[in-house]
Amino acid sequence: MSLAIPANLNAAAYGDNPSLSALIEFLRTPPPIMVCREEAARLCGMCATTYDKYVRKGLLPRMNATGRVTIEALKRACLRLDGVTEHDGSTHQAESALQEWKRGRP
């Protein structure tokens, strides 16, 4: 869900209310394209140590050369863990990556 901020809403007009001014500026700031390891783990609902464990298992994306991972890569990996894959632009239910990984274990 996207929140549309009216163009005439000006943070400077609320200078006497720092909380509201900060909120308006926050809402006008575009979301990041890449996040650090700790933020990636938080977005996935886990601690950084658990995130690292899932990365070692190949279930979540590794950090790139900048020490960050793209939000899009995280979304795709989380959808795969939930068993949803993209195929020809549509989505369908498939065996989750975690189930597939467990099946391949001795």
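The values are calculated or read from the model by the stated rules, or taken from the named source; none is laboratory data. As the structure is a prediction and not an experimental result, all values here were calculated from the model. Neighbour counts are summed over all protein chains in view; Cβ atoms, including those assigned to glycine, are modelled from backbone coordinates with ideal geometry. Heavy atoms of the whole protein, side chains included, go into the accessibility calculation; ligands, DNA and RNA do not. Shrake-Rupley method; radii C 1.70, N 1.55, O 1.52, S 1.80 Å.
The set of residues from segment 39-55 being modelled with pLDDT of 95 or more and open to solvent by 80 Å² or more (accessible area, probe 1.4 Å) comprises Thr49, Lys53.
Scanning segment 44-68 for residues that are farther than 24 Å from Lys102 by Cβ and not basic (Lys, Arg) returns Met63, Asn64, Ala65, Thr66, Gly67.
Exactly one residue out of Ser19, Ser2 is among the hydroxyl-bearing types (Ser, Thr, Tyr), loosely packed, with under 11 Cβ neighbours inside 10 Å and either part of a strand (DSSP E or B) or at pLDDT below 70 (or both): that is Ser2.
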